[in-house]
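Contents: one structure, followed by commentary.
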Amino acid sequence: MSQYTDKINAIAEDFATLEYYESLNALEGRDGMLIIHYNHGGKKIEARIDSSYEGYEVKAGETIFIPPHDRDYIALKERYSQETWGAKIGKLWKRISNMKVTKD
C-alpha cells in the first residue's frame, strides 16, 4: 500500500510544481502594454495601443502569449497532458494535502 501512497505523493508534488511554474513572476507596463511574466519563462502581453515587444508586433486590444522555455515545466506539462487516473488522483491529493512548492 505504501508504494501507491509514494506514487500519489510524487504526482501531487508534480502538480504543485506545475502550479508554481504557472504563477506570476512579475508585471511590467510600458508603451501601452501590460506584460505578465510567469515562472516558466512564458509571457502574456496585452496591448492598449499598437506596440512591439522583443520582436513581437502587438495590435491595440490584442493579447499574445510567448511560450514557456523552462525545460522542467515543459517536461511536466507533457507528462500530464492527458488526464489519466493517476493525474486525477494526484490533483485531488495536492488539493487535499494543500501541497505547495517554492523555488529560490
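The values are calculated or read from the model by the stated rules, or taken from the named source; none is laboratory data. In this text, all values refer to a predicted model and were calculated from it rather than measured experimentally. Neighbour counts run over all protein chains shown; Cβ positions are idealised from the backbone, glycine included.
Observations, loosely collected:
- On inspection, residue 86 fails the criterion of being loosely packed, with under 14 Cβ neighbours inside 10 Å, modelled with pLDDT under 95 and in contact with a Lys or Arg (Cβ under 9 Å, 6 or more places away or on another chain).
- Cβ pairs under 8 Å, 6+ apart, first in the stretch 56-68 and without any contact (Cβ under 8 Å) to a residue 40 or more places away in the chain, second exposed (fewer than 12 other Cβ atoms within 10 Å of the Cβ) and of a type in the set (A, V, I, L, M, F, W, C): 60/49
- Restricting 47, 60 to those that are over 29 Å from residue 8 (Cβ atoms), at pLDDT 90 or above and either touching a Pro at 6+ places or on another chain (Cβ under 6 Å) or crowded, with 16+ Cβ neighbours inside 10 Å (or both) reduces the list to 47.
- Exactly one residue among 95, 48 is over 18 Å from the mean Cα position of the chain (by Cα) and basic (Lys, Arg), and that residue is 48.
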